[in-house]
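The values are calculated or read from the model by the stated rules, or taken from the named source; none is laboratory data. Since the model is a prediction, treat every value here as computed from it, not as a measurement. In this analysis, Cβ positions are derived from the backbone assuming ideal geometry, glycine residues included, and neighbour counts consider all displayed protein chains.
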Amino acid sequence: DAGVTQSPTHLIKTRGQHVTLRCSPISGHKSVSWYQQVLGQGPQFIFQYYEKEERGRGNFPDRFSARQFPNYSSELNVNALLLGDSALYLCASSLGGAYGEKLFFGSGTQLSVL
Amino acid sequence: QKEVEQNSGPLSVPEGAIASLNCTYSDRGSQSFFWYRQYSGKSPELIMSIYSNGDKEDGRFTAQLNKASQYVSLLIRDSQPSDSATYLCAGYSGGYQKVTFGTGTKLQVIP
């Protein structure tokens, strides 16, 4: 079975640009969460989507947005990139629902903003 | 106030020893706890989950949960150099709440 797939693997952008990151969850998983991980820190929650609806949003500015498609894949969009947006962006897939959220992570997208 | 706290380490143990990793949490509503292993440059990998007070064993790994003390730990027996990684503790409060991660503890197993 395929795991969580993310694309692209690496990305280099300049300040002010826009970026779109993509994620395909494990087959049968209906929930996708996005996390940002800065070097030396734990993953920070950005968004959670379940059945195409936003179920949670972390403490990130409105420059960050996301959506989930009917096939449960997801996109994370970041507008007006800042140097501080440089990080590893992780997509996590889970069954979804109300208990015991075991997250399965993709390999991540390493974003560098110059 | 951080919701999940871990000592960043590094924690150094000799090969074959027991590594003990600790985590505290502030949200008393947290129901489930997870340990993830993250190798340098890689994404986190789930290695243990625990939902009730007590111990849960899986191979060389034992997770311990004490909800009264708001304390979670991970023991790694017979530590191997391949166990050298950062270990992330995470908590979950149920429903559509987020999974919250600590900053991770770096473990170094010395051959």
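Data for the structure
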item	result
Residue within the range B:86-97 that is within 14 Å of chain A (Cβ to nearest Cβ), closer than 23 Å to A:Arg55 by Cα, among the β-branched types (Val, Ile, Thr) and within 11 Å of the chain's Cα centre (by Cα) present	no
Meets criteria (closer than 19 Å to A:Gln41 by Cα and in contact (Cβ under 8 Å) with a residue 24 or more places away in the chain) for B:Ser30	no
Boolean, B:Ile18 is away from every other protein chain (no Cβ under 14 Å), touching a Leu at 6+ places or on another chain (Cβ under 8 Å) and not basic (Lys, Arg)	yes
Test for B:Gly102: is it at the interface with chain A (Cβ under 9 Å from one of its Cβ atoms) and touching a residue at least 40 places away in the same chain (Cβ under 8 Å)	yes
Evaluation of B:Leu65 against (1) within 10 Å of the chain's Cα centre (by Cα); (2) within 14 Å of chain A (Cβ to nearest Cβ); (3) at pLDDT 95 or above (one fails), failing number	(1)
Per-region count, the range B:6-36, residues within 25 Å of A:Ser94 (Cα to Cα) and surrounded by fewer than 16 Cβ atoms within 10 Å (Cβ to Cβ)	4
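Yes/no per residue for (1) farther than 15 Å from A:Gln44 by Cα; (2) more than 8 Å from chain B (Cβ to nearest Cβ); (3) outside any strand (DSSP E or B):
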{"site": "A:Asn71", "(1), (2), (3)": "yes, yes, yes"}
{"site": "A:Ala80", "(1), (2), (3)": "yes, yes, yes"}
{"site": "A:Tyr89", "(1), (2), (3)": "no, yes, no"}
{"site": "A:Gly96", "(1), (2), (3)": "yes, yes, yes"}
{"site": "A:Lys102", "(1), (2), (3)": "yes, no, yes"}
{"site": "A:Gln110", "(1), (2), (3)": "no, yes, no"}
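One line per residue, one yes/no per condition, for (1) part of a loop (DSSP other than H, G, I, E, B); (2) within 10 Å of chain B (Cβ to nearest Cβ); (3) not charged (D, E, K, R):
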position: A:Gln6; (1), (2), (3): no, yes, yes
position: A:Arg15; (1), (2), (3): yes, no, no
position: A:Tyr35; (1), (2), (3): no, yes, yes
position: A:Gly42; (1), (2), (3): yes, yes, yes
position: A:Phe47; (1), (2), (3): no, yes, yes
